[in-house]
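Values in this text are rule-based calculations from the coordinates and carry no lab data. This structure is a prediction, so every number in the text was calculated from the model and none was measured. Note: ideal-geometry Cβ built from the backbone for every residue, glycine included; neighbour counts use all protein chains shown.
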Amino acid sequence: MRLLPYGVAAWLFLVGLYGIVTSRNLVHAITCLSVVQSSTYILLLSVGFERGGTAPIFLDVPVGTRAVDPVVSALTLTDVVVGATVSALLLALAVQAHKHHGTLDPERFGPRQD
Amino acid sequence: MFAAVVGVAILLRAQRDETEQPPDEDAADRHAPATSNAVRVLGLVLLGPVVLFGIYVIAHGHLSPGGGFQGGVVLATGALLVYLSGEYVTLRRVRPEVLIDLAESAGAAGYVAIGFLGVAAGATFLANVLPLGQPGALISSGMIPLINLAVGLEVAGGFVLLLSEFLEQTLVVRRPGEVT
């Protein structure tokens, strides 16, 4: 089933994008962004996966056996941590937006009131 | 990631019309309940193992899954445990701001410095120029443990900075006329 991971990644991406576009609350939009990011993690991992490969640690396994690609899994773990800090930055922006407009609803942001 | 943390620190600084009010001044009308003894004991008991586990994950990054990013997050969880098991003032005493800024900047600068070590030895940026050693030993694989250390410092400092910025925003910074 080579298509299933790519299908899951595409579905998550579309669902998250729909959530961002139709969001009435900034915090909800930021959570939907993290759903979109998780679709990219699944895409990365499915690119590096080898069917029947072992874990990529060659201490007790002869060098040259088929192993899962370690680069993409390291990239995904890094991406998770960086995604957390980017979400923190966006939440700080939401805090400032709430201070300026008194509301978290993006539909009700008018021109600046001060 | 460094840029995101610096962005949060800039965005959540006290604005011109806001003052910093330490939370122990208005303890009379605080509506938050005191932390239960079970949470307090569990937090204190878990603090040592969590910090040790974070250092272990950072140090063994080249031998088993882990490394700088993952171990740094585990270390930052230790600071979160201090906040959960006590009041916010305890966290402020335990995390001196200078130390956190120093740790985060040293981590980011250390990464670049180790990269230029490769250039100074005649190879490309971030090339592995230290001796490689035996596979499986702790002191092996050249510069990878050093980079893990720098990244772990940076991630832990960055996350503790994020945590303290958001907590200060909620608990300490007040506008004039705003009730707790």
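Some observations on this one:
- Amide H contacts under 5 Å for A:ALA67: A:THR54, restricted to partners 5 or more places along the chain or on a different chain, H placed in the peptide plane at 1.01 Å from N.
- Averaged over the residues of B:61-70, the number of partner chain Cβ atoms lying within 10 Å of the residue Cβ comes to 3.
- Shape descriptor for chain A: Rg over Rh equals 1.18 (Cα atoms; Rh from the Kirkwood inverse mean 1/r).
- The modelled label-to-label distance for the pair A:THR103/B:LEU146, using points 7 Å beyond Cα in the direction of Cβ, is 5.6 nm.
- Residue of A:VAL81, A:VAL63, A:VAL15 that the Gaussian network model of chain A assigns the largest fluctuation, springs spanning Cα pairs under 10 Å: A:VAL63
- Shielding by other protein chains, A:72-84, mean Cβ within 10 Å: 4
- Efficiency of FRET between A:SER34 and B:ILE10 - r from beta-carbon atoms, R0 25 angstrom, step 0.05: 0.65
- The phi-based Karplus calculation (6.51 cos²θ - 1.76 cosθ + 1.60; θ = phi - 60°) puts the 3J(HN,Hα) values of the range B:53-66 at 5, x, 5, 5, 5, 5, 6, 9, x, 8, 10, 9, x, x Hz, whole numbers, x for Gly and Pro.
- Shown for chain A are the DSSP H helices of 27 Å or more along their axis, judged by Cα atoms, with a mean Kyte-Doolittle hydropathy of at least 0.5: A:26-48, A:70-101.
- Loop-resident chymotrypsin sites (Phe, Trp or Tyr not before Pro) (DSSP state other than H, G, I, E or B) in the range A:3-89 with no more than 15 further Cβ atoms inside 10 Å of their Cβ: A:PHE49, A:PHE58.
- FRET efficiency for A:TRP11 and B:ALA3, using Cβ-Cβ distance with R0 set to 45 Å, rounded to 0.05: 0.90
- Take each residue of peptide B:149-158, count the partner chain Cβ atoms within 10 Å of its Cβ, and average: the result is 1.
- Two-site label geometry, B:SER64 and A:ARG2: point separation in nm, points 7 Å out along Cα→Cβ: 3.6 nm
- Take the Cβ atoms of A:LEU93 and B:LEU80, set R0 to 25 Å, and the FRET efficiency comes out at 0.65.
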